[in-house]
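Following: one structure in structure tokens, then a few remarks.
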Amino acid sequence: MFSNKINPFVLIGKLPAVKRKFEEQGTTLLDTTNKIWTDKRFGFGIMISGGAIVGFIMFFLWGLISTFLGYLGVYFFVKPIYVFIYVILSYTLCHFTVFKGEKYIKYFKKLDKRSKSEKWKYALLSLLFVVGSVALWLYSFRFLPKL
């Protein structure tokens, strides 16, 4: 919603011809834009969030596996095939825990029922997971082979 202030497509909705067309349809450009971004099934926000969760799970797995192997004394250079494997593992994990059967919609409904303090708690836990995943991934570079 914050981006609506600077969104050029919303500003187009202020043109008289465009405004008239949306009025004929019984809607506004702002409503249409919000639906495109916030639709719980096919909105851009959901698509971006789905990609982000796969990405952060990938950072977590990559960091966890590389660090674990590093502590075992197994050092290796990261090759593109390894990155591909991490992406596949991350997507598979997310598919079965979040995407399959649109479980994320059930999670949204549960979260909507929570109090504001609980929502803040989960937001902070999510932020901690994101920061921790990236930090673990960066830490795992310590175990790259020395040339």
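Along Cα→Cβ, 7 Å out, is where each label goes; now give me the distance between the ones at D112 and D39 in nm to one decimal.
Each label point lies 7 Å from its Cα, and together they span 1.7 nm.
Just the accessible area per residue of the chain, please: how many Å² with a 1.4 Å probe?
Details: 10960 Å² over 147 residues.
Value returned for the chain: 75 Å² of accessible area per residue.
Compute the distance from the alpha-carbon center of the range 46-76 to that of the range 10-26, in whole Å.
When both Cα centres are located, 46 Å separates them.
Any lysines with Cα under 21 Å of the K19 Cα? List them, leaving off those in the same chain fewer than 8 positions away.
Of all the lysines, those that pass the test against K19 - Cα under 21 Å, at least 8 places apart if same chain - are K5, K35.
Mean-square fluctuation check for the chain, GNM, Cα pairs under 10 Å: which of S66, S49, S133 is largest?
Answer for the Gaussian network model of the chain: S49.
Would you mind checking the tilt of helix 116-140 against the longest principal axis of the Cα atoms of the chain, expressed as 0 to 90 degrees and rounded to 10?
Once rounded, the angle reads 40 degrees.
Using a Förster radius of 25 Å, what is the FRET efficiency between F141 and M47 based on their Cβ-Cβ separation? Nearest 0.05, please.
Values: r = 30 Å, r/R0 = 1.19.
That pair, F141 with M47, gives E of 0.25.
Round to a whole number: what % of the accessible area of the chain belongs to carbon and sulfur, probe 1.4 Å?
Answer for the chain: carbon and sulfur cover 73 percent of the accessible area.
The values are calculated or read from the model by the stated rules, or taken from the named source; none is laboratory data. Being a predicted model, the structure only gives us computed values, none of them experimental. When we count neighbours, we look across all protein chains shown, and the Cβ atoms used for this are built from the backbone with ideal geometry, even at glycine. These area figures cover heavy atoms from the full protein model, side chains too; ligands, DNA and RNA do not enter into them. Shrake-Rupley method; radii C 1.70, N 1.55, O 1.52, S 1.80 Å.
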